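The values are calculated or read from the model by the stated rules, or taken from the named source; none is laboratory data. These numbers were taken from a predicted model, which means no experiment stands behind them. Reconstructed Cβ throughout: ideal geometry from the backbone, glycine too, with neighbour counts over all protein chains shown.
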Amino acid sequence: MIRHVLGRYRTASVAVTALAVLLLAATVAEVAARGLVRGRMATAADRVLGDGSDVHVDGGPALLDLFDRHIDAVTVSSDHATVGRIPDVSVRARLDDIRLTGNASGTVARTQADVEIPAASLQSLAAGSGGRLPVSAVRLDDAADTLTLVLGRGGLGEATLRPQLQNGRVTLHLEDAEILGSPAPAGFVDRIQDGLSDRAGLDYPLGLKATSLDVTDTGLDVALTGGPTRLPAQDTAQ
């Protein structure tokens, strides 16, 4: 009788141990799979927005995601992203219905993004990498929906711009320019206009198009949407 009871106890103990091992193995596999999916999407996000993106994978078990090569949705956030030619902006984006392919690439059915562009980034955008516009500061007027570039040391000149949406991009249109309180010479006005035109010539990543724009007291808030597109393929030369 005692042997029979002990035998049943050993059998039950072995079954519980085996179940625990299976659950642990499944948990470890799921964590590893989720880390692999997240890492793959983070790599793609960094190629689009720059290093340092935070990625969250939505949907069901990651093991099934890897098997199906399909992810329901991914949310990406970055406080120091580059969108088009606009540096150091905050981005919160959601990518829906992702199909994974080779070379850490894939397709995305829909993308939505909210972008906050601070005054310092607007200053960099207006000045450009060549420094053709001597922009020393930016002032924002949320009531008038305009921003003012302070030009030169000590604010010798000013240029008032109105941010607008044009062909799915944020553009800055010159409304007024002055030097020492008087209208700026035509040549200087042309220089400002040329500099602003140069800054608006690059499309946004993932086929995103700007759909709304709001001037705040600290910068610009821009909403972007995108339809079906491809994630950038991994550079195999690296």
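Just give me the residues in region 83-98 being assigned to a loop (DSSP other than H, G, I, E, B) and more than 11 Å from the chain's Cα centre (by Cα), in sequence order. The one that is assigned to a loop (DSSP other than H, G, I, E, B) and more than 11 Å from the chain's Cα centre (by Cα): Arg85. Of the residues examined, Val150 is not one that is touching a Pro at 6+ places or on another chain (Cβ under 7 Å), in a strand (DSSP E or B), crowded, with 18+ Cβ neighbours inside 10 Å and not small (Gly, Ala, Ser). Does Arg162 meet the test of being more than 21 Å from Ser90 (Cβ to Cβ) and charged (D, E, K, R)? Yes: the conditions hold for Arg162. Listed by first and then second residue, the pairs with beta-carbon distance under 6 Å, at least 6 apart or on different chains, first residue in region 166-194 and in contact (Cβ under 8 Å) with a residue 24 or more places away in the chain, second of a type in the set (S, T, N, Q), are Thr171/Gln164; Glu175/Thr160.
Considering only residues that are among the small types (Gly, Ala, Ser) and assigned to a strand (DSSP E or B), look in region 99-121 and name the one that is farthest from Thr229 (Cα to Cα). Walk me through it before giving the result.
Residues of region 99-121 among the small types (Gly, Ala, Ser): 102, 104-106, 109, 113, 119-121.
Now restrict to residues that are assigned to a strand (DSSP E or B): 106, 109, 113.
Working: Gly106: 9, Ala109: 7, Ala113: 14 Å.
Residue satisfying both the conditions and the ranking: Ala113.
Scan region 14-35 and give yes if some residue there is modelled with pLDDT of 75 or more and over 11 Å from the mean Cα position of the chain (by Cα), otherwise no. Scanning region 14-35, I find no residue that is modelled with pLDDT of 75 or more and over 11 Å from the mean Cα position of the chain (by Cα), so the answer is no.
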